[in-house]
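The values are calculated or read from the model by the stated rules, or taken from the named source; none is laboratory data. Quick caveat, the model's predicted, so the values are computed rather than measured. Please note: Cβ atoms are built from the backbone with ideal geometry, for glycine as well, and neighbour counts cover all protein chains shown.
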Amino acid sequence: MAEIGFYHLLRTGPDQALPQLLARTLAAGQRAAVMCGSAERVAALDAALWLCPEPDWLPHGTAAAGDAELQPIWLATDDAAPNGARFLFLLDNAESARLTAFDRVFDLFDGKDEAAVEAARARWTSAKAAGHTLAYWQQTARGWERKR
């Protein structure tokens, strides 16, 4: 079973929150797969990661660049991790049918979008029923706070 963290974004969007989480992933010696809701989102996130000021460099790739096995971070729309990632990041209400293939899953959702919050609640219920270990993190002025 995977350890799944639900990340309730209240202060920033995923383009601002994701780089910090990815930097921690790389610092832990892990690879990441980032599953997006659309090809346009993959392209926008690809550009955002190259331009983010902190951390100043997040090595990543997409299907457009190829060589998935060489990429520490893989951005895609499909439910795969061709780079051998053990950490999965879900954006845009994306859902994976392969949660057990990962050690950790980070489900980032927009707390200002009621439909996204409801969809996250449904994913929580499904993951809990499947027996995964769950954690809920809320973005605050002081950073991420684990809530019960």
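Close contacts from segment 40-58, counting a first residue that is closer than 15 Å to Leu91 by Cβ and basic (Lys, Arg) and a second that is surrounded by 14 or more Cβ atoms within 10 Å (Cβ to Cβ) and modelled with pLDDT of 95 or more, with Cβ to Cβ under 6 Å and a gap of 6+ residues or different chains, come to Arg41/Asp92. Could you please find all residues in segment 112-148 being assigned to a loop (DSSP other than H, G, I, E, B) and either aromatic (Phe, Trp, Tyr) or touching a Lys or Arg at 6+ places or on another chain (Cβ under 9 Å) (or both)? The answer is Ala141, and nothing else. Please specify each residue of segment 1-60 satisfying the condition of being of a type in the set (Val, Ile, Thr) and out of contact with any helix residue (DSSP H, G or I) (no Cβ under 9 Å at 6 or more places or on another chain). Across segment 1-60, the qualifying residues are Thr12, Thr25, Val42. If you go through segment 123-148 and keep only what is without any contact (Cβ under 8 Å) to a residue 12 or more places away in the chain and surrounded by 12 or more Cβ atoms within 10 Å (Cβ to Cβ), you end up with Ser126, Lys128, Glu145.
For segment 52-101, a tally of residues being farther than 19 Å from Gln20 by Cβ, among the aliphatic types (A, V, I, L, M) and within 12 Å of the chain's Cα centre (by Cα) returns 2.
Pairs are defined by a Cβ separation below 9 Å, a sequence spacing of at least 6 or placement on different chains, a first member in segment 92-109 that is crowded, with 16+ Cβ neighbours inside 10 Å, and a second member that is of a type in the set (Val, Ile, Thr) and in a helix (DSSP H, G or I); the pairs so defined are Arg104/Thr25; Phe106/Thr25; Phe109/Val117. The residues on offer are Ala2, Ala27, Ala63, and the sole one that is more than 21 Å from Glu118 (Cα to Cα) and touching a residue at least 24 places away in the same chain (Cβ under 8 Å) is Ala2.
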